[in-house]
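First the structure, in the form of structure tokens, and then the observations on it.
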Amino acid sequence: EPAPVPAAPQADWGSPPPPPMGAPPPPAGGPPPPGAGQGFGSPQQQGYGQPPQAYGEPQQAYGQPQYGQPGGAMVGPGQGVTPGLQPQDSTRVWMLSVVTFGIYALIWFHRTNTGLQEWSRGRIEYNAGASLSAMTIGAVLFVPPLVATASYMGRIRTAQQMAGLPPQAGFWGYVLRNYLLFYGIKWAQDQINEIAVRQPQG
């Protein structure tokens, strides 16, 4: 009588297959998460563990802008623009005065007069009503705008002396240059820019 054939073992679908002969034992604590340590599936990407150390702190990565560097201050402590008087691009001021047929020149005239008064802490006086009236309504009489212009150049000369600069602003230099498409405005603004970066003396 033939010997009975032993029955094949039943597969247990609920348990993993045994490791092959000679394979190292699995690590304690269970297998790592799927895709751990690889690409976008790394623990850092999934929220596990500490963030990468290559980035460091924001202060270390970017730092603080230094004087003279992009993003930093243009001048050191104790220097710079004084309140009330701001440097401007003289070419831009000049071109705006030309394309607006002198309208912007009146705005510039008022702003720089006010800036000189604030810069000098009131020692350079400016009467806005009288000066603007002379430059607009008084133009029909021809003389009032000349008087207002002479006073304006006098304020710039006074400010140059207070800033320790040679007084170069003058009535005729300004008027004659304005016959060349308001070029006197650019000339005056260049001198005001030199005053704006200095403190009044005395």
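Assorted remarks:
- Accessible surface for the range 81-202, divided over its residues, is 54 Å² per residue with a 1.4 Å probe.
- Solvent exposure, largest accessible area first (probe 1.4 Å, DNA, RNA and ligands not counted), of Phe101, Phe142: Phe101, Phe142
- Per DSSP, loop trypsin sites (Lys or Arg not before Pro) in the range 80-149 with at most 15 further Cβ within 10 Å: Arg121, Arg123
- Accessible surface for Val140 stands near 130 Å², nearest 10, in the context of the full protein assembly shown (1.4 Å probe).
- With contacts taken as Cα pairs under 8 Å at a separation of at least 6 residues, the range 73-190 carries a relative contact order of 27 percent.
The values are calculated or read from the model by the stated rules, or taken from the named source; none is laboratory data. Bear in mind that the values here come from a model prediction, so they are computed numbers and not experimental data. So basically every Cβ, Gly included, is an ideal-geometry build from the backbone, and we count neighbours across all protein chains shown. Note: accessible area is taken over every heavy atom of the protein model, side chains too, but ligands, DNA and RNA are not part of it. Shrake-Rupley method; radii C 1.70, N 1.55, O 1.52, S 1.80 Å.
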